[in-house]
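A short write-up of the structure that comes next.
The values are calculated or read from the model by the stated rules, or taken from the named source; none is laboratory data. Fair warning: this is a prediction, and the values are worked out from it, not measured in the lab. A quick note on method: Cβ atoms are made from the backbone with ideal geometry, for glycine too, and the neighbour counts reach across all protein chains shown. Note: areas computed on protein heavy atoms with side chains; ligands, DNA, RNA excluded. Shrake-Rupley method; radii C 1.70, N 1.55, O 1.52, S 1.80 Å.
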Amino acid sequence: WAGTCTDADPAASGGARQSFALAPGSTTLAGLTTAPVRITGLTPGQAVTLSYAGADSACTFPALALGAANSNGVLKAGVPYGKWRFTAGAASKTLATALTPALAAAGPTVVAFP
């Protein structure tokens, strides 16, 4: 699964882990399932960072650069399952509900900045 946080494991929230064959000394392509997120209300070109906001105390790392908004002020991204905080400039939005396989199947989670 994406990352090392326990809540990023799709099997921990009702999904299934993807498997792949790994052969020593070769390259293996592996699918990575993430939750679609649509971030709106941004200034075109505005950068967004992602930081973990879940309960797994062993899951600590610096904020990750998620990308920048398009000309419509929207950023679309695939985010690992779990609870996340999105920061754009001085504003931050923390998901009220952790991203899960079931939530991802319903379509993109919208994070709206004012």
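Across region 35-51, the qualifying residues are those that are outside any strand (DSSP E or B) and among the polar types (S, T, N, Q), and the one among them that is most open to solvent (accessible area, probe 1.4 Å) is Thr43.
Sort out which residues of region 58-96 are under 19 Å from Pro44 (Cα atoms) and among the charged types (D, E, K, R), and write them in order of number. Passing the criteria: Lys76, Lys93. Do you know which residues across region 59-86 are closer than 18 Å to Cys5 by Cβ and either touching a helix residue (DSSP H, G or I) at 6+ places or on another chain (Cβ under 8 Å) or not hydrophobic (A, V, I, L, M, F, W, C) (or both)? Passing the criteria: Cys59, Thr60, Pro62, Gly78, Pro80, Tyr81, Gly82, Lys83, Arg85. Residue pairs whose Cβ atoms lie under 7 Å apart, separated by 6 or more positions or on different chains, with the first residue in region 31-56 and among the charged types (D, E, K, R) and at pLDDT 90 or above and the second open to solvent by 30 Å² or more (accessible area, probe 1.4 Å) and not in a loop (DSSP other than H, G, I, E, B), are Arg38/Lys76; Arg38/Val110. Here Ala65 qualifies as under 15 Å from the mean Cα position of the chain (by Cα) and open to solvent by 50 Å² or more (accessible area, probe 1.4 Å).
Selection of region 78-114 for residues being in contact (Cβ under 8 Å) with a residue 60 or more places away in the chain, closer than 11 Å to Gly54 by Cβ and not in a loop (DSSP other than H, G, I, E, B) yields Gly82, Leu99.
May I ask you to list the residues in region 78-96 that are of a type in the set (Val, Ile, Thr) and modelled with pLDDT under 95? If the condition is that a residue be of a type in the set (Val, Ile, Thr) and modelled with pLDDT under 95, then Val79 is the only one that fits.
Is there a residue in region 16-34 that is open to solvent by less than 40 Å² (accessible area, probe 1.4 Å) and either of a type in the set (Gly, Ala, Ser) or in contact with a helix residue (DSSP H, G or I) (Cβ under 9 Å, 6 or more places away or on another chain) (or both)? The answer is no; no qualifying residue exists.
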